[in-house]
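Heads up, the thing below is written out as structure tokens.
The values are calculated or read from the model by the stated rules, or taken from the named source; none is laboratory data. Computed from a prediction, not measured in an experiment: that's the story for all the values here. Counting neighbours? That spans all protein chains shown, and the Cβs are built from the backbone with ideal geometry, glycine included. Just so you know, the surface numbers come from the protein's heavy atoms only, side chains and all, with ligands and any DNA or RNA stripped out. Shrake-Rupley method; radii C 1.70, N 1.55, O 1.52, S 1.80 Å.
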Amino acid sequence: MSWQRALYNGLLWALKPLIRRYLQKRARKAPAYLEHWDERFGQALSPKANGAIWIHAVSVGETRAAQPLVAAIRRQWPDAPLLLTQMTPTGRATAEQLYPDAEVRYLPYDYPQAAADFLRAYRPRCGVLMETEIWPNLLHAAAEQGVPLLLANARLSDKSLKGYRKALGLIRPAIQKLTAVAAQTKEDADRLRQLGAQNIIVCGSSKYDIEIDKAQWHLAGAFHERIGRRPVLLCASTRDGEEALILDAWRAAGGAVGNTLLALVPRHPERWGEVARLASERGFKLQRRSDDAAVAADTQVWLGDSMGEMFGYLGACDVAFIGGSLLPFGCHNLIEPALMGVPALFGPSVFNFQQAAADSLAAGAGCQVADAGELVSTALALLADPAAAEAMRGGAARFRDAHRGASERMLAVLKSVLEPAS
């Protein structure tokens with residue numbers, strides 16, 4: 001074991017009390033953080049089946065992004081058990097909803113014994129790590145136990161590359177243990193190669209292949225009925241600090257807002273109460289989605305306090321802003337509006353979706369704004385100009401259709417891993 005990995009493990013052990021304290025702190029707002037505690041530390045190992053195809057998707061976005069690949073895997077290997085692991089309660093809940101016949105659990109933190117025990121207990125046929133999940137001890141343990149690993153939908157921003165380079169002696173030997181890498185873009189592939197990744201194939205993003213199920217379309221219709229004949233600006237997956245900026249800009253717009261409904265769907269459920277307070281403090285008439293009532297004519301802000309309904313919200317809006325982009329969070333999934341044919345706005349911070357942002361702009365599907373004031377003025381201008389909005393909806397369809405097919409390309413990579421030519 002290298003000194004860098006020994007130092008990493010030492011830091012993990014030193015941080016264990018802080019990790020426990022962090023979970024307890026998060027549990028004050030989201031009690032689910034205290035559930036399945038033992039799984040997080042490599043205990044409670046009771047597999048329902050061995051030899052599963054294992055997919056690790058850290059949270060909600062990655063779990064949803066795995067959908068088309070899971071569908072392709074099930075077509076190819078219909079009898080293979082499926083194991084889904086996450087790191088967050090919301091990711092776990094999403095997996096349980098989307099994959100009811102799969103085994104769902106937390107992946108343990110990257111302690112050497114925990115990683116080895118997890119793989120030894122579950123004995124997966126292979127592992128598929130979604131996006132940017134580079135856990136050194138897990139990767140070394142998989143190589144030692146002969147479990148092939150595919151890094152799928154792989155992406156790496158310039159910012160992340162700079163961070164990983166500071167620990168290259170730890171990261172390079174680990175990433176070289178990957179059997180194959182299915183990168184989203186050529187730029188992602190180049191950055192991953194600089195870290196030492198090998199056998200990289202550019203496949204695109206499986207997020208373009210997500211099929212919207214009938215339940216979400218029905219939900220969108222139900223939301224339409226609940227809202228009535230009002231224009232709707234959706235601010236989706238907003239992060240801490242962004243809602244205040246949006247609400248202040250919305251109030252500053254005054255009469256220009258008219259009867260437009262502002263729908264706010266915060267990224268993290270533990271912040272629903274905080275966002276409701278922010279709106280009420282500014283004098284807005286607020287209503288919650290969870291009240292299951294029609295949106296009143298004088299309601300100004302509709303709070304999306306529900307999980308697993310993003311496509312319903314998107315289907316019920318006229319313009320969507322994608323959160324995590326006004327402040328330096330890197331942007332959340334700006335592909336989802338395109339799947340629903342909705343014009344998309346996003347802020348200046350897009351390092352997590354840099355290529356998708358560029359492609360969205362090129363297709364006329366999206367518009368980038370500098371701040372909350374420009375977000376509100378641009379949205380209101382689109383709502384007042386049906387022709388411009390319709391042109392963006394056409395751009396959304398082009399943007400979406402031009403990038404489909406990644407999940408089948410990833411399946412081909414996975415087949416080469418599991419069924420190498422003799």
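Based on the Kirkwood radius over alpha-carbon pairs, what value in µm²/s does the Stokes-Einstein equation return for the translational diffusion coefficient of segment 1-145 at 10 °C and 1.306 mPa s? Please report the intermediate quantities before stating the final value.
On the way: Rh = 15.9 Å.
For these conditions, the coefficient is 100 µm²/s.
How big is the equivalent ellipsoid of segment 78-215 along its three axes, where each semi-axis is √(5λ) from the Cα gyration tensor, reported in whole Å from largest to smallest?
Working: eigenvalues 119, 84, 38 Å².
For segment 78-215, the ellipsoid semi-axes come out as 24, 20, 14 Å.
Could you let me know the centre-to-centre spacing of segment 226-252 and segment 286-364, using Cα atoms, in angstrom?
Value for the Cα centre distance between the two parts: 9 Å.
Pulled fully out, how much extra length does the chain show between residue 23 and residue 168, if you take 0.36 nm times their separation in residues and subtract their Cα-Cα distance?
On the way: separation 145, 0.36 × 145 = 52.20 nm, distance 2.86 nm.
Difference between extended and current length: 49.3 nm.
Sort out for me the Cα centre separation of segment 9-79 from segment 94-129, rounded to whole Å.
Segment 9-79 and segment 94-129 have Cα centres spaced 6 Å from each other.
Ignoring ligands, DNA and RNA, what percent of the 1.4 Å accessible area of segment 314-418 is carbon and sulfur? Show your work: numbers first, answer last.
Working: 2020 of 3560 Å².
On segment 314-418, the fraction of accessible area on carbon and sulfur atoms equals 57 percent.
Rounded if a/c is under 1.5, else prolate if a/b beats b/c, else oblate: with a ≥ b ≥ c from the C-alpha gyration tensor eigenvalues square-rooted, which is segment 275-346? Could you put the intermediate results ahead of the total?
Values: a/c = 2.06, a/b = 1.39, b/c = 1.48.
Judged from the Cα gyration tensor, segment 275-346 comes out oblate (a/c at least 1.5, b/c at or above a/b).
Scan around residue 288 for amide H atoms under 5 Å from its own, H built in the peptide plane at 1.01 Å from N, and keep only partners 5 or more places away or cross-chain.
Residues meeting the amide H criterion: 303.
Take peptides 113-122, 278-287 and line them up by average Cβ neighbours within 10 Å, highest first, as a rough protection proxy.
Working: 113-122: 18.8, 278-287: 16.0.
Output ranking for 113-122, 278-287: 113-122, 278-287.
Can you run phi through the Karplus equation (6.51, -1.76, 1.60; θ = phi - 60°) for segment 157-173 and list ³J(HN,Hα) in whole Hz, with x for Gly and Pro?
For segment 157-173, the Karplus curve yields 7, 4, 4, 5, 4, 4, x, 5, 4, 5, 10, 4, x, 8, 6, 4, x Hz.
Report the residues of segment 24-57 in range of a label on residue 145: point 7 Å along Cα→C-beta, backbone N strictly under 18 Å from it.
Answer for segment 24-57: 38-57.
Once phi is turned into θ = phi - 60°, what whole-Hz ³J(HN,Hα) does the Karplus curve with 6.51, -1.76 and 1.60 give for every residue of segment 253-258, x standing for Gly and Pro?
5, x, x, 5, 5, x
Can you list residues whose amide H is under 5 Å from residue 321's amide H, if they're 5+ apart or on another chain and H is modeled 1.01 Å from N?
Under 5 Å from the amide H of residue 321: 234, 235, 236, 345.
Taking the Cα atoms only, what angle lies between the long axis of helix 89-98 and the longest principal axis of the chain, rounded to 10 degrees?
90 degrees
Taking only Cα atoms and a 10 Å spring cutoff, compute GNM fluctuations for the chain and point out the largest among 290, 205, 407.
Maximum fluctuation in the GNM of the chain, among the listed residues, is at 290.
Taking a threshold of 26 Å on the Cα-Cα distance, which of the pairs 166/186; 186/415; 29/285; 25/48 fall above it? Don't skip to the answer; put the middle values down first.
Working: 166/186 23 Å; 186/415 22 Å; 29/285 24 Å; 25/48 31 Å.
With Cα atoms farther than 26 Å apart: 25/48.
What is the Rg over Rh value, at two decimals, for the chain, using alpha-carbon atoms and the Kirkwood definition of Rh? Each step should come with its number before you reach the end.
On the way: Rg = 22.0 Å, Rh = 22.5 Å.
Checking Rg against Rh, the ratio lands at 0.98.
Go through segment 243-249 residue by residue and turn each phi into a ³J(HN,Hα) via Karplus (6.51, -1.76, 1.60, θ = phi - 60°); whole Hz please, and just put x for glycine and proline.
Per residue, the Karplus-derived 3J(HN,Hα) values read 4, 4, 5, 5, 4, 5, 5 Hz.
Would you please give the residues with an amide H less than 5 Å from that of residue 132, counting only those at least 5 places away or on a separate chain, with H modeled from the backbone geometry?
155
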